[in-house]
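Just below is one structure, and these are the notes that go with it.
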Amino acid sequence: MMEGLSETSRPAIGHGFRLQWESVQDAHVLLYPEGMVKLNPSAAAILTRCDGLRMLADIISDLERTYSAEGLGEDVLAFVRLALERNWLELRQ
């Protein structure tokens with residue numbers, strides 16, 4: 001796992017970003033001063049759960065329950081790592 005990233009990490013949308021539904025795009029988007037990122041459904045499902053309150057383990061469990069899937073942990077972690085690198089997310093411990 002990424003340094004500082006654990007099952008008890010509490011990811012939140014990064015400073016300067018805003019997550020919202022855009023009906024024109026028919027998708028969730030991340031808005032920031034320089035532009036916008038249109039999110040695919042999987043990315044949106046993860047980011048909408050990153051509220052700074054829920055632990056990563058709870059987010060993974062919720063996604064697995066919601067989508068009747070098992071073993072999503074590695075994919076969710078890979079996305080969270082990418083989102084952290086891009087500053088879309090920040091961790092709250």
* Provide a single number: the residues in region 7-24 that are farther than 15 Å from Leu82 by Cα and either among the charged types (D, E, K, R) or in contact with a Gly (Cβ under 7 Å, 6 or more places away or on another chain) (or both). => 4
* To do: Please identify the pairs in which a residue from region 45-69 that is more than 16 Å from Arg10 (Cβ to Cβ) has its Cβ atom under 7 Å from the Cβ atom of a residue that is of a type in the set (D, E, K, R) and outside any loop (DSSP other than H, G, I, E, B), counting only partners at least 6 apart or on another chain.
  => none
* Structure fact -> When region 42-64 is checked residue by residue, the ones that are more than 12 Å from the chain's Cα centre (by Cα), within 13 Å of Leu77 (Cα to Cα) and aliphatic (A, V, I, L, M) are Ala57
* Asked: Which residue pairs have Cβ atoms closer than 8 Å, lie 6 or more positions apart in sequence or on different chains, and pair a first residue in region 71-92 that is within 15 Å of His15 (Cα to Cα) and at pLDDT below 95 with a second residue that is crowded, with 18+ Cβ neighbours inside 10 Å and among the hydroxyl-bearing types (Ser, Thr, Tyr)?
  -> Arg92/Ser9
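The values are calculated or read from the model by the stated rules, or taken from the named source; none is laboratory data. Only a predicted model underlies this, so the values are computations on that prediction, with no experimental measurement involved. Counting neighbours? That spans all protein chains shown, and the Cβs are built from the backbone with ideal geometry, glycine included.
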